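Only one structure is covered here, and it is reproduced in the block below.
The values are calculated or read from the model by the stated rules, or taken from the named source; none is laboratory data. Here the structure is a predicted model, which means the values were calculated and not measured. In this analysis, Cβ positions are derived from the backbone assuming ideal geometry, glycine residues included, and neighbour counts consider all displayed protein chains.
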Amino acid sequence: MKIKSVSFYARMVAFLLAIAALGIVDFIFDMPHGFSVPHFLVELGIVILGLGGALYLAHGWYHDHHQAESANRSLKKYMLGVGKTIDRQFHEWGLTEAERCTAILVLKGLSHKDIADRCGRSERTVRQHAVAVYRKSGLAGRAELAAYFMEYLLPPVTIPSGGDEETMPTPAHPPSSSAGQT
């Protein structure tokens, strides 16, 4: 579900309140001149619809706002869990702090040169750290490192297949750190 912006709700609530206010003002101006029951009912209907619409939209904003906050909290928890899981796996592989830093930046898509610049190391040192990460993990390189964490940390994905949707399962546990090592 797409959550509408606060400004959308604010504009629509203001618009409907303005309509209700104009209906009330028109009713007040009509009072000294007298008015008919049908005219009064139309004015009352405009005011009620304006106020009711404003309340309905305000309620929708409130609901969407709390839904967005809940989604943000869930996402933060998930991201924290992903970070802890990655760190736990790095610990299982026996990575040094420098290798962990290099592995995280490789996972984020940085080149060896960019990692070297960011960490104040030589590009050669960064390459050595990356090679140590691949060796200790039993993975062949950058792509396999990324694929390893994508496979085991991302939630299952629903893929449409000829009108039916099929959920691709995610294995319960990543392979042991000895996977791929001889």
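Values as computed for the structure displayed
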read-out	value
Residue within region 93-100 that is under 27 Å from Ser7 (Cβ atoms), surrounded by fewer than 14 Cβ atoms within 10 Å (Cβ to Cβ) and not small (Gly, Ala, Ser) present	no
Cβ pairs under 9 Å, 6+ apart, first in region 76-91 and closer than 12 Å to Ala103 by Cα, second of a type in the set (Gly, Ala, Ser) and not in a helix (DSSP H, G or I)	Gln89/Ser177
Single unsatisfied condition, Ser111 versus (1) polar (S, T, N, Q); (2) modelled with pLDDT of 80 or more; (3) over 27 Å from the mean Cα position of the chain (by Cα)	(3)
Among the residues listed as Phe8, Phe15, the single one being part of a helix (DSSP H, G or I) and at pLDDT below 85	Phe8
Yes/no for Gln67 being within 28 Å of the chain's Cα centre (by Cα), surrounded by 15 or more Cβ atoms within 10 Å (Cβ to Cβ) and touching a residue at least 60 places away in the same chain (Cβ under 8 Å)	no
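Per-residue answers, yes or no, for (1) touching a helix residue (DSSP H, G or I) at 6+ places or on another chain (Cβ under 6 Å); (2) not in a helix (DSSP H, G or I):
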{"residue": "Phe90", "(1), (2)": "yes, no"}
{"residue": "Glu99", "(1), (2)": "yes, no"}
{"residue": "Gly109", "(1), (2)": "no, yes"}
{"residue": "Ala130", "(1), (2)": "yes, no"}
{"residue": "Val133", "(1), (2)": "yes, no"}
{"residue": "Tyr148", "(1), (2)": "no, no"}
